[in-house]
Amino acid sequence: MDISLDVREQLNAIVAEVAQKLPEFGAEFQPDVRPADPRHGDFQVNGVLPWAKRNRSNPRAMGEVLLAALHQLDPSACLWDSIEIAGPGFLNFRLKAVSLLAWIQKYGDTHHLADASASILKDKRIVVDFSSPNTAKQMHVGHIRSTVIGDSICRMLAFCGASVVRDNHIGDWGTQFGILIMIIKRKGIELNAIEGDKIEVLENLYREGNQLTQEDPSTLDIARNELVKLQSGDEENFAIWELIVKVSYDEFDKIYKRLDVRFDAVLGESFYRDKVDRVYRELREDGIAEESQGAWVVFHPEHPRFAKQPFIIQKSDGASNYATTDLATALYRTEEFKADEVINITDARQRDHFEQLELTVNKWFGKRELPIPNMTHVTFGTILGKDGKAIKTRTGGTVKLKELLDEAVERASAITRTKNPDLTDEELSKIAETIGIASVRYADLSQNRSSDYQFDWDKMLAFEGNTAPYLLYVIARINGIFRKLGKEADLESVSIPEFESAEEIELAKRLMGFPLALKQALDDLRPHFICAYLYELCGSFNSFYHNNPVLNEDKAVQAKRLLLCKTTLEFLKTGLKLVGIGSIEKM
RNA sequence: GCACCCUUAGCUCAAUUGGAUAGAGCGCCUGCCUACGGAGCAGGAGGUUACAGGUUCGAUUCCUGUAGGGUGUACCA
């Protein structure tokens, strides 16, 4: 009996094969096997009901037919002990205990799990565009979602075998530079000479400059002129721009390092500045863009909304904008990165923009006979404060990401110290950094990304419920067991008996659910399915742990339970890694 | 105005995309430390899934309408 990584899929294939030979079913029948409520079984066939509906026959009777055919299979070769028909026509499978053991022995090791998973998206080339902060400003709380969701999606895709290009499309060519250069020159500031927190200084300068342009309109003209000079290659302004960009990048990198996020390509908008002319030219040549109110725009007559709402690709003053650089970017990703798929991760407010972008790219590339990448816009909701409105500091400002992370680590440190006073200072600071950052990441990723969520320190760092500390605690405890056992924890030489206790069986089944959770998360690019799975896995493990002593006189029983501990530990580590969280030995 | 998204337990969130009796955590009750880490485990109360209809074997999920909230809608990104 061979068992697949995804048992659901395997059962689905078996049922489909049996059904194909039955006159009542045939090749078109979809068994639609799903994990079942434990009260009913381990897996259920749902597909009989819609099939019976389609054929205007009695679902229960159809179920009986399929059941009888499945009963003809050689029981010794089957993964299941029993199949029963229930309700209006569900078929419920109950797996053999030996199937569970076989699965865990085959896939319970991280390498085997990873190898088996890596075939899911093999040979797919996917560009993921995420994080995208703006230069001359600090990253704020609004950037955490794109950064963390994007990173997690990259990790999931890569785990499933895709070739992923992590691309940070930084906003480094915008109008903010006109104002910044104006105020820097006006005040005669030497950027190299700034002491201390340079990004903070730049931010303040921008604020000052912005205010000045409102008070004195003549400075606004100067700012505009500085921007034009920059964009037309003025050396002095370009040098100032380069310095500002460097300061910004250094600051971003500090945050990315703490969050354990990396990029393969950091191509800001400035990178595309010499590539927008081709966009203008080709879209005009191809008759996709037209002139309207002095600007060049793209309408989509076939679309209910975008027939009237333009996609502006060149402003009336001749300058490029977001749409232009995004079109140039799409082209670059197709031609240079050879992307099969492009995933953009931004908040839901940019829905229209990305819809228009995709429509335009499809027409443009279609005409030029370029391969059209599959474009996906992954959206997310807003982070809210306690008042249910978008999160702000007490004084009404934006919450800086750096300060948010610092506070998380501080809070984690304070709590860890009270819970475990025996830790050395060195251990404590390392653990607090992990727990603090993990808590922030996990709080975000454990939510369904499309909804807004309320930010709450206490909930985030709580040690109960679906939180990072709860999961990390389980890891610490399992590590504790292996520390205690030392050399004895060698599983190789012992023959493992079947799982017996209710908790052992439940835990084993839970472990078997890993590929299903991964698939669910992958299909919809929603990491929270992984988090939910890990949380449930911890629940099953804790029940097991509480009722089934691992350290045992009976060495075979001990080995069996150690196998469950080891597999749980590896899956937890692997799952947490997919959401970008590292694990710890103790806490 | 038009379009899109949202409304689930007192609070914060889930629900395998139309499946069986809607699940967790907090808070509120009740048990379990002579225990491999109690940052834990076992249990109880708490729901007309905003409201009104419709579609069907079956609806939190799909359709229509109503109320409330959010977002977008020509030169920001």
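The values are calculated or read from the model by the stated rules, or taken from the named source; none is laboratory data. Values in this document were obtained by computation on a predicted structure and should not be read as measured data. When we count neighbours, we look across all protein chains shown, and the Cβ atoms used for this are built from the backbone with ideal geometry, even at glycine. Accessible surface is based on the protein model in full, side chains and every heavy atom, while ligands, DNA and RNA are left aside. Shrake-Rupley method; radii C 1.70, N 1.55, O 1.52, S 1.80 Å.
Observations, loosely collected:
- Test: residue in region A:13-32 that is open to solvent by 50 Å² or more (accessible area, probe 1.4 Å), farther than 27 Å from A:Arg510 by Cβ, of a type in the set (Lys, Arg) and not in a helix (DSSP H, G or I): yes
- Hey, A:Asp274 within 26 Å of the chain's Cα centre (by Cα) and acidic (Asp, Glu) or not: no
- Here region A:329-385 is the region considered, the condition is being part of a loop (DSSP other than H, G, I, E, B) and open to solvent by 50 Å² or more (accessible area, probe 1.4 Å), and the residue that is modelled with the lowest pLDDT is A:Thr382.
- In region A:209-228, the residues that are charged (D, E, K, R) and either in contact (Cβ under 8 Å) with a residue 40 or more places away in the chain or open to solvent by 80 Å² or more (accessible area, probe 1.4 Å) (or both): A:Glu215, A:Asp221, A:Arg224, A:Glu226
- Answer from A:Leu91, A:Leu70, A:Leu79 - the residue that is over 38 Å from the mean Cα position of the chain (by Cα) and open to solvent by less than 20 Å² (accessible area, probe 1.4 Å): A:Leu70
- Taken over region A:8-60, the criterion of being within 22 Å of A:Phe514 (Cβ to Cβ), more than 10 Å from RNA strand B (Cβ to nearest atom) and touching a Phe, Trp or Tyr at 6+ places or on another chain (Cβ under 7 Å) is satisfied by A:Leu11, A:Asp42.
- Verdict on A:Glu433 being in a helix (DSSP H, G or I), touching a helix residue (DSSP H, G or I) at 6+ places or on another chain (Cβ under 6 Å) and acidic (Asp, Glu): yes
- Matching residues, region A:383-434, being within 13 Å of RNA strand B (Cβ to nearest atom), among the aliphatic types (A, V, I, L, M) and touching a Ser or Thr at 6+ places or on another chain (Cβ under 9 Å): A:Ala390, A:Ile391, A:Ala412, A:Leu423, A:Leu428, A:Ile431, A:Ala432
- Against the numbered list (1) open to solvent by less than 60 Å² (accessible area, probe 1.4 Å); (2) at pLDDT below 95; (3) in contact with a helix residue (DSSP H, G or I) (Cβ under 8 Å, 6 or more places away or on another chain), A:Gly388 comes up short only at (3).
- Count of residues meeting criterion [within 7 Å of RNA strand B (Cβ to nearest atom) and either open to solvent by less than 40 Å² (accessible area, probe 1.4 Å) or among the polar types (S, T, N, Q) (or both)] in region A:295-313: 3
- Candidates in region A:547-561 are the residues that are among the charged types (D, E, K, R) and part of a loop (DSSP other than H, G, I, E, B); of these, the one that is least open to solvent (accessible area, probe 1.4 Å) is A:Asp554.
- For A:Gln10, the test of being under 29 Å from A:Leu511 (Cα atoms), open to solvent by 60 Å² or more (accessible area, probe 1.4 Å), part of a helix (DSSP H, G or I) and in contact (Cβ under 8 Å) with a residue 40 or more places away in the chain is failed.
- Scanning region A:524-549 for residues that are closer than 20 Å to A:Ser446 by Cα and hydroxyl-bearing (Ser, Thr, Tyr) yields A:Tyr533, A:Tyr535, A:Ser540.
- Which listed residue is of a type in the set (Asp, Glu) and in contact with a helix residue (DSSP H, G or I) (Cβ under 7 Å, 6 or more places away or on another chain), from A:Asp123, A:Asp81, A:Asp115, A:Asp42: A:Asp42
- In region A:364-382, the condition of being among the β-branched types (Val, Ile, Thr), over 26 Å from A:Ala289 (Cα atoms) and near RNA strand B (Cβ under 9 Å from one of its atoms) is met by at least one residue.
- Under the condition of being more than 17 Å from the chain's Cα centre (by Cα), open to solvent by 20 Å² or more (accessible area, probe 1.4 Å) and within 30 Å of A:Gly397 (Cα to Cα), the residues counted in region A:119-138 number 2.
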